[in-house]
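Read the structure below first, then the notes.
The values are calculated or read from the model by the stated rules, or taken from the named source; none is laboratory data. Keep in mind it's a predicted model, so treat the numbers as computed, not measured. Note: ideal-geometry Cβ built from the backbone for every residue, glycine included; neighbour counts use all protein chains shown.
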Amino acid sequence: MPFSRSIMASALFAPVLLLSSAAVSVNGADPIAIAHRGMLRHAPENTLPAFAVCLELGMGFELDIRTTKDGHLVVLHDDSVKRTTDGPSRSVRDMTLAGLQQLDAGTWFGPAFAGLRVPTLEETLSLIKERKRGATIIALNVKQLNRDGEAKLVALVEKYELFDESFAFDQDSEMSRRLKKLNRRFRIGQNVNRKSIQSRLDEDFLDVFLLTATPTAEEVSLVHDRGKQALFNFAGDGIGRRDPSVWKQVQAAGIDGILTDYPLECRTAWRNAVD
């Protein structure tokens with residue numbers, strides 16, 4: 001998909017940009033909102049427009065990585081292309097990149113996004129490098145990678161100089177160690193429950209703690225004292241995942257970022273808490 005099309009599609013978010021401008025922290029002390037699969041409630045998930053608006057707003061985002069039949073790394077959540085494209089019930093692993101990019105990844109969400117393509121990981125990292133505004137957090141959810149793909153992933157993060165901003169998670173421990181061996185600067189994250197925080201700190205392998213229970217200030221300090229990044233995984237939809245009291249609680253706890261389906265509402269709650 002040409003980058004210019006991404007810019008055109010992101011222009012549709014002008015009202016969103018204006019709405020959210022009041023939610024930007026005035027003191028820079030707020031956590032970073034990490035939009036789950038990009039701005040998925042306002043654009044087709046895991047597409048360049050869904051990511052571009054996050055970057056324009058100074059947010060981070062999470063994305064999903066899979067490998068095509070011919071070895072290209074692409075950004076798509078499901079193994080099957082059916083839910084988020086006009087394609088049949090077919091695995092990404094059985095399709096070439098050329099075949100995958102013949103599919104429409106936008107019309108299912110709305111006619112304004114007709115013609116969007118499944119982006120490659122390289123297109124996405126290039127977008128981040130070009131358009132990020134200051135500090136950001138990019139969560140690379142590894143869904144399916146082969147050994148060659150592991151090397152490509154690390155090489156792409158190195159090419160676009162995004163070691164400090166990004167981390168990989170959801171891969172198994174063996175893959176994590178291989179990724180770290182390829183380049184020590186490549187950051188590894190993992191979902192960590194409350195009972196496992198200390199044992200994971202004692203292992204001293206993880207760079208990013210994606211905490212799965214609402215973290216306390218003491219837990220965040222414990223992670224920070226060991227030089228690790230502390231995030232809160234609060235992704236998912238529904239009323240339970242859009243609770244302003246939780247957003248304000250983790251803000252007060254000093255968390256570095258929060259993975260959420262509701263990044264705009266979350267930042268508004270943080271700003272209101274400061275005011």
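Can you tell me which residue in region 81-98 is farthest from Ala35 (Cα to Cα), limited to those that are of a type outside the set (Lys, Arg) and crowded, with 16+ Cβ neighbours inside 10 Å?
Within region 81-98, the match that is farthest from Ala35 (Cα to Cα) is Met95.
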For this session: From (1) in contact with a helix residue (DSSP H, G or I) (Cβ under 7 Å, 6 or more places away or on another chain); (2) surrounded by 22 or more Cβ atoms within 10 Å (Cβ to Cβ), pick out the condition that doesn't hold for Leu264.
Result: (2)
Exercise. Can you find even one residue in region 251-260 that is assigned to a helix (DSSP H, G or I) and either modelled with pLDDT under 95 or in contact with a strand residue (DSSP E or B) (Cβ under 6 Å, 6 or more places away or on another chain) (or both)?
Worked result: no
For this session: Please state which of the following conditions Ala151 fails to meet, knowing it meets all the rest: (1) surrounded by 14 or more Cβ atoms within 10 Å (Cβ to Cβ); (2) within 24 Å of Leu211 (Cα to Cα); (3) among the small types (Gly, Ala, Ser); (4) free of Cβ contacts under 8 Å to residues at least 40 places away in the same chain.
Result: (2)
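Conditions tested, residue by residue: (1) touching a residue at least 60 places away in the same chain (Cβ under 8 Å); (2) of a type in the set (A, V, I, L, M, F, W, C).
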| residue | (1), (2) |
| --- | --- |
| Leu222 | no, yes |
| Lys228 | no, no |
| Ala235 | yes, yes |
| Gly240 | no, no |
| Asp243 | no, no |
| Ile255 | yes, yes |
| Ala269 | no, yes |
| Asn272 | no, no |
Exercise. How about region 38-49: which of its residues are closer than 22 Å to Asp256 by Cβ and surrounded by 24 or more Cβ atoms within 10 Å (Cβ to Cβ)?
Worked result: Gly38, Met39
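Scan Thr136, Thr107 and give me the residue that is free of Cβ contacts under 8 Å to residues at least 40 places away in the same chain, of a type in the set (Ser, Thr, Tyr) and touching a Phe, Trp or Tyr at 6+ places or on another chain (Cβ under 9 Å).
Thr107
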Exercise. Which of the residues that make up region 186-218 are touching a residue at least 24 places away in the same chain (Cβ under 8 Å), more than 23 Å from Pro263 (Cα to Cα) and either in contact with a strand residue (DSSP E or B) (Cβ under 6 Å, 6 or more places away or on another chain) or not β-branched (Val, Ile, Thr) (or both)?
Worked result: Phe186, Arg187, Arg194, Gln198, Leu201, Phe205, Asp207
